[in-house]
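Each remark here refers to the structure printed beneath this line.
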Amino acid sequence: MSARTPREAVAAFLTPLRQAIACVTDAQLAGGSDPAKPHALFFRPSEGGYIRLRGLHPLQFRLSHNYEIVQDTHGWSAHTRGYAYELQLADGREVVAYHYDPRPQSKVKVPHLHIKGLTTPLALEKAHFPTGRVPIEAVLRFAVTELGVQPRVSEWEAVLAGLERDFNAQRTW
């Protein structure tokens, strides 16, 4: 999706992410619109980047979504360049983490999942389970349906389904 300005491109990029996040929290996402540098979305203000989620378990959520703003012959657009979506217990123990970091210095450049827990005798807590690209909507749906996170809006399923459908139709990789 192309926009006339970098600011419009970021707004188009952030709007669906903010709508998805609003299904489970009122925390706000912050991000920049300077095309001369890479950007990361994060929750503001939050302690250590994590926000608390209401539900059956004392869960916290952290989102770091890296993107860049590019211009082509059609205009400006924002493109994902990596992400980390992490759910942990309130005591800091990680439950699940979805990562994608294609930078040259990254050891694992494909989208993957980390699952912490009792995995003896296998050391699965350090394994990188391949996932393909995981949209934030899928992570939030998982948090609600599988981890007992309480949605803030009654129509959360329809909101996430519509946003994920739009994301899949427009994604570039």
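Derivation of every value follows stated rules applied to the coordinates shown; laboratory data play no part. As the structure is a prediction and not an experimental result, all values here were calculated from the model. Cβ sites come from the backbone with ideal geometry, for glycine too, and all protein chains shown count toward neighbours.
So how much slack lies between Ala161 and Glu125, counting 0.36 nm per residue of separation and subtracting their Cα-Cα distance, in nm?
Between Ala161 and Glu125, full extension yields 9.9 nm more.
Based on DSSP H runs of at least 4 residues, each adding -39500 (n - 2.57), what is the mean residue ellipticity at 222 nm of the chain after dividing by all its residues, to the nearest 500 deg cm²/dmol?
Helix-only estimate at 222 nm: -8000 deg cm²/dmol.
How high is the FRET efficiency from Leu56 to Arg93, r the C-beta distance, R0 22 Å, rounded to 0.05?
Values: r = 16 Å, r/R0 = 0.73.
Rounded to the nearest 0.05, the efficiency is 0.85.
Compute the relative contact order of the range 6-170 as a whole-number percentage, counting only Cα pairs closer than 8 Å that sit 6 or more residues apart in sequence.
20
Show the residues, 5+ positions off or on another chain, whose built amide H is closer than 5 Å to the amide H of Gln28.
Amide H neighbours of Gln28: Arg44.
What list of ³J(HN,Hα) values in whole Hz, one per residue of the range 75-89 in order, does the Karplus curve 6.51 cos²θ - 1.76 cosθ + 1.60 (θ = phi - 60°) give from phi, with Gly and Pro shown as x?
x, 9, 8, 9, 10, 5, 10, x, 7, 9, 10, 10, 10, 9, 6
What are the ³J(HN,Hα) couplings of the range 126-137, residue after residue, when phi is run through the Karplus curve with 6.51, -1.76, 1.60 and θ = phi - 60°? Round to Hz, x for glycine and proline.
Each residue of the range 126-137 in turn: 10, 6, 10, 6, x, 10, x, 5, 10, x, 4, 4 Hz.
If I model a spin label at Ser154 and Lys109 as a point 7 Å from the Cα along the Cα→Cβ vector, what separation in nanometres do I get?
Between Ser154 and Lys109, the label points sit 4.9 nm apart.
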